[in-house]
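Q: Below is the structure I would like to discuss, written out as structure tokens.
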Amino acid sequence: MLEPLKGKTILVYSEGGVGDELYFLAPFNDLVAIAENCILTCDPRHEKLFKRSFPTVDIRPFSRQYQRSFLGVPAKDNYDDLFRTLPNIDYYCFIGDLGYYFRNSWEDFKKQGVYLVNDRDKVAYWKNRLDDMGDTIKIGLCWRSGFQALYREREYTALKDWLPLLKREGYTFINLMFDGLQEIHKLEPEPEDSNISIQHLTDLDLKNDFDNLAALIEALDLVISVDTNIAELAGGLGQKTWRVINSPYLANHCRLWPGTANDIWHPSMIQITSDPIGDTDSLIAQISTKLDSLEWKQKNSSGC
């Protein structure tokens, strides 16, 4: 049960990776609506996006990566330096606990909406860049996570698995994998598939410039991503998103509305799961069939 927050200050700790931070943030506006003063820690790469999305919240960039890269301290949670700069705190909450307080019924999830806000000038810039690539459907693609330790490579796909889609006419795929350029260069299509279309934007830092990454995602017609921060970012922005699952370890059926493929956290997101699980060919075939069934006459229309 929530304590009264009028006249109080609450500190919300970020936790997990950048994708977790975005996912856990979905109910955050519910807290902001009842909290007098709210402080949110976040990965520094989210600072601009979060300040724009939650203008009344005191955003404090702080993360393990920040510690490693800028403070030179061990990669463990140490909030001593942060606490020295904070006002008096009445309450604190881990960001992953927000769902416990604000998403306790199906009715609670029905009010879930878009909660991230882009820079409109940046979105317009990326729309123009994409238009310059020709009159094709622009699809952002993220086929794996950048974190491959602990056998996580078995949970994702390889870029070569996507060749049947990459050679389709009428579509231009945009690389959203921050370290995917080497894989793009290694693609060895058959001579008749020389028209494969996957573009890598060399002037965008996909690993660190999350504000421009978010704007690019909104400018696309569709995002197809494995279970990683790209999918959560697209969902939080309300972009049409296909979250693809190819592993029993990531088959989050608890995130779906009963009897559907629709995500309960992101109204603009659906889940596409390989059948049988782990059968990459079936996953790609499902995506191909779904592309065939879509009407693209009105770009960026709502729904999936």
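Q: Obtain the nm distance between the two label points defined at residue 117 and residue 82 by a simple spin-label model: each point lies 7 Å from its Cα along the Cα-to-C-beta direction.
A: 2.4 nm
Q: Continuing with the same structure: What is the fewest-to-most order of 218, 232, 3, 47 by other Cβ atoms lying within 10 Å of their Cβ? Display every interim value, and only then the final one.
A: On the way: 218 21, 232 27, 3 8, 47 16.
With the fewest neighbours first, 218, 232, 3, 47 line up as 3, 47, 218, 232.
Q: Write down the percent of antiparallel bridges among all DSSP beta bridges whose residues are both part of region 120-293, to the nearest 5. Numbers along the way, then the final one.
A: Details: 2 of 22 bridges.
Given both bridge residues lie in region 120-293, the antiparallel proportion sits at roughly 10 percent.
Q: Could I ask something else about it? What length, rounded to one decimal in nm, is gained on full extension from residue 261 through to residue 56, with 0.36 nm per residue of separation minus their alpha-carbon distance?
A: On the way: separation 205, 0.36 × 205 = 73.80 nm, distance 3.45 nm.
Using 0.36 nm per residue and subtracting the Cα-Cα distance, I get 70.4 nm.
Q: Based only on other Cβ atoms within 10 Å, what is the fewest-to-most ordering of 263, 281, 97, 132?
A: 132, 281, 97, 263
Q: Additional query: Mind giving me the nanometre distance, one decimal, between the label points for residue 205 and residue 288, set 7 Å out from Cα along Cα→Cβ?
A: Once both label points are built, they end up 3.9 nm from each other.
Q: Same structure, new question: Rank the residues 38, 254, 142 as a footprinting-exposure proxy: fewest other Cβ atoms within 10 Å of their Cβ go first. It would help to have the intermediate numbers written out before the result.
A: On the way: 38 23, 254 6, 142 27.
Listed from fewest to most nearby Cβ atoms, that is 254, 38, 142.
Q: Which pairs in the list 160/207; 122/186; 51/207 are over 27 Å apart, alpha-carbon to alpha-carbon?
A: Numbers: 160/207 22 Å; 122/186 31 Å; 51/207 19 Å.
Among 160/207; 122/186; 51/207, the Cα-Cα distance tops 27 Å for 122/186.
No lab work stands behind these numbers, since they all come straight from the coordinates. Nothing here was measured: the structure is a model prediction, and the numbers come from that model. Glycine also receives a Cβ, built like all others from the backbone with ideal geometry; neighbour counts cover every protein chain displayed.
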